[in-house]
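Notes to accompany the following structure.
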Amino acid sequence: MKLFLSVFMSAVLAFGVDAQIRSVLTVKTPGNPAHEYELADKGSGILKAEMPLPVEVRRVVSETEAGTKVEVYVKANADVWFNLSNTYQLNANHADCEFYMPGFWYHKNLRSPKEAPSFHTSDSWEVREDRLSTPMTGVYNPGAGEYYTVMRETDENGTDCVCQNISGDILLPGHTTVGSVGFRNVSGKSALVFSYPYTEAPTRYIRKLTLIPGIRSFVKLAKGEIVSASWLIAKGAAADFSDFVAKTWTYSYDRNQPKPVATGFTQQYAKDVLSNFYVESFVDKYPLKYFSGEGIRTAKCELSGEYQIGFVGRSLLNAFNALEYAEANNRADIERNARAVIDSHITNGFSASGLFYESGNLSRGEFYPALSIRRQSEGVYALLYYLDYEKRRGRKHADVEKAVRTVLDALLTFQRADGSFPRKFNADGKVVDASGGSTPAVTVPLVMAYRYFGDAKYLESAKLTLGYLEREIIDKADYFSSTLDANCEDKEAALAAATATYYMTFVTKGEERAHYVAQCLKSTYFCLSWYYTWDVPFAQGQMLGDLGFHSRGWGNVSVENNHIDVFVFEFASILDFLKAETGETRFADFAEVIRTSMLQLLPFEGHMCGIAKAGYYPEVVQHTTWDYGRNGKGFYNNIFAPGWTVPSLWQMMSPERVPGFFSDTKKRRK
């Protein structure tokens with residue numbers, strides 16, 4: 001309190017930015033309408049309205065190396081509930097600008113449907129900070145090549161409270177450090193908006209494709225109490241939207257300085273725990289054996305009839321991981337399960353067209369007719385790793401090689417003149433979803449197939465896919481529709497682009513390789529923008545907060561699916577690769593944050609983290625006021641898919657795997 005008082009009475013450095021900030025204080029008493037008061041600087045940073053207020057408001061504006069720091073201090077002269085909103089006016093035409101809220105908003109979110117936050121609904125948005133991987137909003141003016149950002153300076157001792165009402169003006173039942181940021185169209189000009197406590201407007205996004213009326217929260221101050229909040233306003237130049245995202249990520253990283261999370265778990269221990277999934281999830285009562293990891297309940301982790309070869313099931317990649325682990329750790333039981341899965345797929349896993357039966361409900365004896373370039377590619381990817389692993393140990397599988405080539409050759413018939421592949425199709429060749437957003441998913445197995453079989457047609461096809469990827473996705477900074485359960489801007493699209501270009505660097509040389517490194521770098525920055533550089537606060541009673549969970553290093557999913565997860569696979573290795581290529585140490589440092597932080601919720605006896613069985617790593621981690629159908633902030637959805645979380649973490653903890661596949665050594669490095 002003494003520290004707050006000394007700062008509250010400090011001198012003010014007033015300059016141009018101060019004059020551009022419009023502040024509105026809103027006061028509410030229980031059972032009565034809220035009253036708004038326009039504030040004006042009356043000298044020395046004291047903000048006053050035309051009538052007496054129950055609070056004293058002081059704004060301190062100062063220049064720092066990181067930008068213009070705006071600190072606001074509110075002191076209560078009587079018990080009061082208040083909300084303070086600030087608008088920083090820019091001189092840029094709103095219609096000409098693009099907008100950015102990390103992990104939530106890109107360009108104008110026009111890839112998203114009208115039922116999710118986008119310009120389809122409004123051209124002005126303000127959202128809670130904990131929705132964002134960095135609590136920041138940016139406005140980019142491509143015509144001028146300049147941008148402005150406002151970023152909340154976060155509190156290491158952040159907290160939140162649980163509210164009963166979800167819309168309208170609400171009195172918070174406890175203290176929160178959560179504010180909000182956004183952008184607004186003010187008479188045709190863009191403005192940055194930042195508030196404390198939080199406001200969400202014009203609507204709130206509370207679950208998938210569900211918008212409800214907005215909210216404005218009021219925090220209580222007792223007489224004599226002081227609360228403060230601070231933001232940084234920065235200006236910069238950028239050549240395009242990708243450059244804008246890259247520069248703001250670097251800025252965010254430097255300001256927040258995320259550190260590794262000290263879990264104490266070694267990677268060997270983590271794999272030992274996760275390996276229990278390969279014991280308890282094994283299903284062998286159908287012709288097609290698999291690891292049950294889709295559509296199961298966190299409270300039971302029972303076996304399910306739902307099956308997928310890729311995406312959320314990853315049955316074949318799980319089988320390869322299980323085999324590799326089993327042989328390295330003398331686990332004959334796990335090896336039997338792994339080989340049974342792979343063998344059954346070769347015998348019973350293909351349709352008459354030569355493509356995988358990629359998803360279905362085996363308890364009902366049905367496969368779903370819609371196929372996807374992503375799941376088919378992920379099946380091939382897993383089998384190529386398996387074939388290479390076996391070949392290096394003197395074990396050859398001509399039947400598996402034939403099956404892989406059959407799938408690839410069938411997929412090649414779907415490639416279009418621009419190099420893209422349709423997102424979804426039927427076995428008879430009919431395209432169901434023509435979107436090219438999933439194209440980089442097939443680049444990886446094509447590059448791998450070229451390396452394994454030595455057939456140049458696979459490399460030629462891969463280069464065509466990367467031509468499309470560069471023209472339509474990377475150059476346009478338009479990463480979309482990679483995930484199969486949404487049509488929007490998403491993290492997985494950016495990661496797929498980074499992964500595709502990364503794999504291509506192993507089979508190219510000279511200027512061509514340098515070009516793919518540059519494309520990998522550009523898409524990696526975009527992918528990094530989805531990963532949290534800070535720790536969101538939780539309320540007491542919200543499980544994640546009670547567990548001491550840190551969100552830094554975890555990634556938001558997409559505009560439609562506003563939760564965090566451990567989708568990482570090769571990404572940490574890509575960051576290490578780019579550090580070696582470019583000398584950028586931030587990449588390797590953040591890779592270590594990811595590797596440590598993503599193991600926090602490892603479930604084992606005495607540390608089950610709300611999961612019924614050891615090794616079943618959680619999926620839908622709800623870190624903000626949004627739910628996937630059940631439970632909301634601080635908990636998981638009641639249904640999850642560890643079928644993909646386990647191999648994602650496994651791949652993260654196997655950094656030797658990719659370079660090992662492309663090496664010429666006779667035996668993979670341990």
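The values are calculated or read from the model by the stated rules, or taken from the named source; none is laboratory data. All figures in this text were calculated on a predicted structure; none of them were measured in a lab. Backbone-built Cβ (ideal geometry, glycine too); neighbour counts: all protein chains shown. Calculation scope for accessible area: heavy atoms of the full protein, side chains included, ligands and nucleic acids excluded. Shrake-Rupley method; radii C 1.70, N 1.55, O 1.52, S 1.80 Å.
Can you say whether Phe414 is surrounded by fewer than 21 Cβ atoms within 10 Å (Cβ to Cβ) and closer than 17 Å to Val444 by Cα, as far as the supplied structure shows? Spell out the reasoning first.
Numbers: surrounded by fewer than 21 Cβ atoms within 10 Å (Cβ to Cβ): yes; closer than 17 Å to Val444 by Cα: yes.
In short, yes.
Could you grab me the full set of residues in region 255-271 that are without any contact (Cβ under 8 Å) to a residue 40 or more places away in the chain and either farther than 11 Å from Leu599 by Cα or among the small types (Gly, Ala, Ser) (or both)? Quick ask: steps written out before the conclusion?
Step one: filter region 255-271 for residues without any contact (Cβ under 8 Å) to a residue 40 or more places away in the chain, giving 257, 264, 266, 268-269.
If the condition is that a residue be without any contact (Cβ under 8 Å) to a residue 40 or more places away in the chain and either farther than 11 Å from Leu599 by Cα or among the small types (Gly, Ala, Ser) (or both), then Gln257, Gly264, Gln268 are the ones that fit.
May I ask you to list the residues in region 181-209 that are open to solvent by 40 Å² or more (accessible area, probe 1.4 Å) and assigned to a strand (DSSP E or B)? Write out each step before concluding.
If we filter region 181-209 for residues that are open to solvent by 40 Å² or more (accessible area, probe 1.4 Å), which is where we start, we get 184-187, 189, 202, 207-209.
If the condition is that a residue be open to solvent by 40 Å² or more (accessible area, probe 1.4 Å) and assigned to a strand (DSSP E or B), then Arg184, Asn185, Val186, Lys189, Pro202, Arg207 are the ones that fit.
I'd like to check something: does region 482-495 contain any residue that is touching a Gly at 6+ places or on another chain (Cβ under 8 Å), in contact (Cβ under 8 Å) with a residue 40 or more places away in the chain and not in a helix (DSSP H, G or I)?
yes
Mind listing whichever residues of region 113-139 are open to solvent by less than 10 Å² (accessible area, probe 1.4 Å) and touching a Cys at 6+ places or on another chain (Cβ under 9 Å)?
Ala116, Ser118, Val139
Is it true that some residue in region 603-617 is under 25 Å from Cys527 (Cβ atoms), at pLDDT 95 or above and surrounded by fewer than 24 Cβ atoms within 10 Å (Cβ to Cβ)?
no
Report those strands (runs of 3 or more DSSP E) wholly inside region 22-64 carrying at least 2 residues which are open to solvent by 40 Å² or more (accessible area, probe 1.4 Å) and touching a residue at least 40 places away in the same chain (Cβ under 8 Å).
Values: elements: 35-41, 46-48, 55-64.
Hits in region 22-64: 55-64.
I'd like to check something: does region 355-364 contain any residue that is open to solvent by 10 Å² or more (accessible area, probe 1.4 Å) and in contact with a helix residue (DSSP H, G or I) (Cβ under 7 Å, 6 or more places away or on another chain)?
No - not one qualifying residue is present in region 355-364.
Would you confirm whether any residue within region 264-275 is open to solvent by less than 20 Å² (accessible area, probe 1.4 Å), more than 24 Å from the chain's Cα centre (by Cα) and closer than 30 Å to Val442 by Cα?
Here is the first cut: in region 264-275, the residues open to solvent by less than 20 Å² (accessible area, probe 1.4 Å) are 270, 273-275.
Within this subset, residues satisfying the condition of being more than 24 Å from the chain's Cα centre (by Cα) are 273, 275.
Filter once more, so that each one left must be closer than 30 Å to Val442 by Cα: 275.
Scanning region 264-275, I find at least one residue that is open to solvent by less than 20 Å² (accessible area, probe 1.4 Å), more than 24 Å from the chain's Cα centre (by Cα) and closer than 30 Å to Val442 by Cα, so the answer is yes.
In the set Asp433, Asp388, Asp418, which member is acidic (Asp, Glu) and closer than 30 Å to Asp343 by Cβ? Show your work before the answer.
Numbers: Asp433 fails: closer than 30 Å to Asp343 by Cβ; Asp418 fails: closer than 30 Å to Asp343 by Cβ.
After applying the criteria, what remains is Asp388.
Between Ser112, Ser122, Ser118, Ser133, which is farther than 19 Å from Ser180 by Cα and either free of Cβ contacts under 8 Å to residues at least 40 places away in the same chain or part of a loop (DSSP other than H, G, I, E, B) (or both)?
Ser112
Among the residues of region 442-486, which ones are at positive phi and in contact with a helix residue (DSSP H, G or I) (Cβ under 6 Å, 6 or more places away or on another chain)?
The initial filter retains those residues of region 442-486 that are at positive phi, namely 454, 477, 481.
Selection gives Ala477 alone.
Name, by its number, the condition in (1) farther than 18 Å from Val186 by Cβ; (2) open to solvent by less than 40 Å² (accessible area, probe 1.4 Å); (3) of a type outside the set (Ser, Thr, Tyr) that does not hold for Leu110.
Failed condition: (2).
Looking at (1) under 29 Å from the mean Cα position of the chain (by Cα); (2) of a type in the set (Asp, Glu); (3) under 18 Å from Thr508 (Cβ atoms), find the lone condition where Asp455 falls short.
Every listed condition holds for Asp455 apart from (1).
Here's the yes/no breakdown for (1) in a helix (DSSP H, G or I); (2) free of Cβ contacts under 8 Å to residues at least 12 places away in the same chain; (3) within 25 Å of Val658 (Cα to Cα); (4) open to solvent by 10 Å² or more (accessible area, probe 1.4 Å):
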site	(1), (2), (3), (4)
Cys527	yes, no, yes, no
Leu544	yes, no, no, no
Arg552	no, no, no, yes
Ile574	yes, no, yes, no
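How many residues, within region 463-479, are touching a Gly at 6+ places or on another chain (Cβ under 9 Å) and either open to solvent by 10 Å² or more (accessible area, probe 1.4 Å) or more than 22 Å from Phe244 (Cα to Cα) (or both)? I'd like the intermediate steps shown before the answer.
Residues of region 463-479 that are touching a Gly at 6+ places or on another chain (Cβ under 9 Å), as a first pass: 463-469, 471-473, 478-479.
Subsequent filtering for residues that are either open to solvent by 10 Å² or more (accessible area, probe 1.4 Å) or more than 22 Å from Phe244 (Cα to Cα) (or both) retains 463-468, 471-472, 478.
Residues in region 463-479 being touching a Gly at 6+ places or on another chain (Cβ under 9 Å) and either open to solvent by 10 Å² or more (accessible area, probe 1.4 Å) or more than 22 Å from Phe244 (Cα to Cα) (or both): 9 in total.
Could you say which residue among Phe311, Phe218, Phe244 is in contact (Cβ under 8 Å) with a residue 40 or more places away in the chain and in a loop (DSSP other than H, G, I, E, B)? Walk me through it before giving the result.
Numbers: Phe218 fails: in a loop (DSSP other than H, G, I, E, B); Phe244 fails: in a loop (DSSP other than H, G, I, E, B).
It is Phe311.
Taking region 470-481 only, how many residues are part of a helix (DSSP H, G or I) and touching an Asp or Glu at 6+ places or on another chain (Cβ under 9 Å)? So that I can check it myself, show each step before the final result.
We begin by selecting, within region 470-481, every residue part of a helix (DSSP H, G or I); these are 470-474.
Narrowing further to those that are touching an Asp or Glu at 6+ places or on another chain (Cβ under 9 Å): 471-472.
Qualifying residue count for the region: 2.
Here is a list: Val139, Val127, Val178. Which entry is in contact with an Asp or Glu (Cβ under 7 Å, 6 or more places away or on another chain) and part of a strand (DSSP E or B)?
Details: Val139 fails: in contact with an Asp or Glu (Cβ under 7 Å, 6 or more places away or on another chain); Val178 fails: part of a strand (DSSP E or B).
Testing whether each residue is in contact with an Asp or Glu (Cβ under 7 Å, 6 or more places away or on another chain) and part of a strand (DSSP E or B) leaves just Val127.
Answer yes or no as to whether Arg152 is under 23 Å from the mean Cα position of the chain (by Cα) and surrounded by 15 or more Cβ atoms within 10 Å (Cβ to Cβ). Spell out the reasoning first.
Working: under 23 Å from the mean Cα position of the chain (by Cα): yes; surrounded by 15 or more Cβ atoms within 10 Å (Cβ to Cβ): yes.
Spelling it out, Arg152 is indeed under 23 Å from the mean Cα position of the chain (by Cα) and surrounded by 15 or more Cβ atoms within 10 Å (Cβ to Cβ).
As an exercise: evaluate Asn561 against (1) more than 27 Å from Glu153 (Cα to Cα); (2) within 15 Å of the chain's Cα centre (by Cα) and give the number of the one condition it does not meet.
(1)
How many residues does region 140-149 hold that are closer than 15 Å to Ser252 by Cα and either without any contact (Cβ under 8 Å) to a residue 12 or more places away in the chain or surrounded by fewer than 24 Cβ atoms within 10 Å (Cβ to Cβ) (or both)? Spell out the reasoning first.
So the first thing to find is which residues in region 140-149 are closer than 15 Å to Ser252 by Cα, and the list is 147-149.
Restricting the remaining residues to those that are either without any contact (Cβ under 8 Å) to a residue 12 or more places away in the chain or surrounded by fewer than 24 Cβ atoms within 10 Å (Cβ to Cβ) (or both) gives 148.
Of the residues in region 140-149, 1 are closer than 15 Å to Ser252 by Cα and either without any contact (Cβ under 8 Å) to a residue 12 or more places away in the chain or surrounded by fewer than 24 Cβ atoms within 10 Å (Cβ to Cβ) (or both).
For (1) open to solvent by 20 Å² or more (accessible area, probe 1.4 Å); (2) under 22 Å from Ile373 (Cα atoms), each residue gets a yes or a no:
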{"site": "Val279", "(1), (2)": "yes, no"}
{"site": "Leu288", "(1), (2)": "no, yes"}
{"site": "Arg297", "(1), (2)": "yes, no"}
{"site": "Glu306", "(1), (2)": "yes, yes"}
{"site": "Ser315", "(1), (2)": "no, yes"}
{"site": "Ala319", "(1), (2)": "no, yes"}
{"site": "Ala326", "(1), (2)": "no, no"}
